[in-house]
1. Roughly how compact is chain A, stated as its Cα Rg over 2.2 N^0.38 Å to two decimals?
2. With charges set only on the Cβ (+1 for Lys and Arg, -1 for Asp and Glu), what does the dipole of the protein assembly as shown come to about its Cα centre, in debye to the nearest 20?
3. If the cut-off is a Cα-Cα distance under 12 Å, which aspartates and glutamates reach residue A:78, setting aside same-chain residues fewer than 8 apart in sequence?
4. Considering only DSSP beta bridges with both partners in chain A, what is the antiparallel share in %, to the nearest 5?
5. Ranked highest first by the average count of other Cβ atoms within 10 Å around their residues, in what order do A:201-208, B:323-330, B:188-195 fall?
6. Assuming R0 = 56 Å, what is the FRET efficiency of residue B:177 and residue B:204, from their Cβ-Cβ distance, to the nearest 0.05?
7. For an R0 of 60 angstrom, estimate the FRET efficiency from the Cβ-Cβ distance between residue A:10 and residue B:168 and round to the nearest 0.05.
8. What lysines does residue A:119 reach when the alpha-carbon gap must be under 25 Å and sequence neighbours fewer than 8 apart in one chain are set aside?
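Just so you know, all these numbers are worked out from the coordinates, no wet-lab data involved. Computed from a predicted model, the values in this text were never measured in an experiment. FYI the Cβ positions are ideal-geometry reconstructions off the backbone, even for glycines, and counts take in every protein chain you see.
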Amino acid sequence: MTKAFLRAENIVSGYGKLHVINGANIHIDEREMVTVIGPNGSGKSTLIKTLIGLVKIFDGRVTIRDEERGWLDVQTRKRQMKPDEIIREGIPLGYVPQLNNVFPSLTIEENLKMGLFVKKWDSYYHERSEQIFESFPILRERINQRASLLSGGERQMLALARALMPAPKLLILDEPTAALAPNLAEEMLQLIVSLKNTAGISILLVEQRAKRSLELSDRGYVLVTGMIAAKGPAKELLSEDKIRKLYLGDRAKKEKEVG
Amino acid sequence: MTLPNLLNHATLALVYAGVLIMLTIGLNMVYSVLKFSNFAHAEWVTMGMFASWWFLQILSYILPWDTAHLLNNLFVHAVFGFLIVGIFGILGEVLVFDRLRKLKAGLDSAIVASIAIGLIVRNFLAMVFGAYPEPNRAICPTCTSQPSLPGFLPDLNNIVTIKLVENDPIFGTQWIRINASGILIIVTSIAMVLAIDYVFRHTKFGIAMRATADSIELAQVSGVDTRRIVHYTWFLAAGLTGMGAAIYRPYLTGPFNSLTGLYMLLPFFAVVILGGVGSFRGGIIAAIIIAYARQATVVIFSWFQYPGGLEEILEEHIGFTITFSPGYADAIPFVILIIVLLIRPRGIAGSVEATRERV
């Protein structure tokens, strides 16, 4: 029996006065990979940014279960935790934004150290980085180079590695394959799945490559105009005709019906 | 024809480079973290001079016995300048810039606000302390109106002269001539550069500051309290500028006034832009280039003014009078600035930025 790790209930959030998310419910269990798919502008990024406090929440709440402290309110209308507060509170959450996900003027070592910012990084760095380099050998070779000199794929690796440095229990990834060539994207998705399987990290993924990421996930949510239009085990979502047509780019079928 | 005193010119340029380095580090820091040109920087310089000079007067009044400058010395004044201007820097953030950011005002608004703050402070300084600082002799007979008074022993106006060649038919006279204040400027600027470089590269605070400069959002999700980093940035940037101004003050030959900082603002921006905005190392190289280019122009222009020089030739043969006064050399840094920007649009250290864009 797996236990829930994060719960977001009736989330209403957005920018300024604009509501982008209109009452979404999602949850993530331990050691589970969950993908959120949806058309452009449906609020996928906004939804996960709400979870970590980068977007203003108007209503609803986000709670995270901590081993010792039980369920903690992370985002509520009354008290919204900023991302740095969440990390400083010791809530084991990692987030990789879609753009600007590395510090370009910092070296790779400094980027990795930033992942340990709230800990005593001198004492943790050596041990953690050795583990990280096993999955990302390229980073060890270029440890003293600036991140701005890395290629798109290497940057994505570094972004992921930085988020993994503090050994999070949940990793929130905003389109990790967005700027990658197809073969690199597949490699990246495989890497993410292996993180779940070997390190037991829960993954919340927002992806444009909806079909492929659903195939690799345990469960999925379909977000449309800020509301959850469908949810369920990934396999079920994949087999539902309507979803295939609308969001999974199943063009052959769509054309047949239209024609 | 004998050479002009090149060594002396080189020494003067070195001191000027030191001044530029000391006074532009803060401008660069604010730019790299907050992404806008802080025009109030000019007033930080002026304020540093006023603060340190008035502190000197106050200390002379409170400690009339301290003629040996045990407490009433330039280092104490510089620390005072650091604190006062540093606090002023934080005040600007708390009262104006932070609020603007919360209201989602753009960077243009921040720039205009910084011009406004500069104007207000400049005129406030003139209102309260006078355009030229004058002590109240009735209250403090031991006070002095000498603006460059360093309050330091040994006397900073002591001139060190090292003569290498004198009246040589080819090399003319070559000497290094520098007063103790100039030496102090060079030493302070080097110390500042080393200290800042250490902080930026080897301390958690420095790395967090560079991270915040790169991406505020990413720094936040890494656990950095970016508001605090921003406050520290203002304090350090303003403080270092105030301290630099206090160290620079005794080197001035004439009295300073409420416009002194403003007159230096354009060369400051030239240094920052030439170096590549936000680049600490680029800024240092740019300061040296600008200082030496300016001094080289002084040498060349004086050469043109010699009997039989270009000025005379032009006048005699073309009937055209152009004055090559060394005072016009101030424009040269900007000529270099434009040329460099045409070749490297992002300044000397701009290559990293360019790579960032490309990938």
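1. Here the Cα radius of gyration is 1.01 times the empirical estimate.
2. Charge dipole of the protein assembly as shown: 2040 debye, to the nearest 20.
3. Candidates past the 8-residue exclusion: A:59.
4. Bridges in chain A are about 65 percent antiparallel.
5. Per-residue Cβ counts within 10 Å, averaged per peptide and sorted highest first, yield A:201-208, B:188-195, B:323-330.
6. After rounding, the FRET efficiency stands at 0.80.
7. 0.10
8. Output for residue A:119: A:49, A:82, A:169, A:196, B:204.
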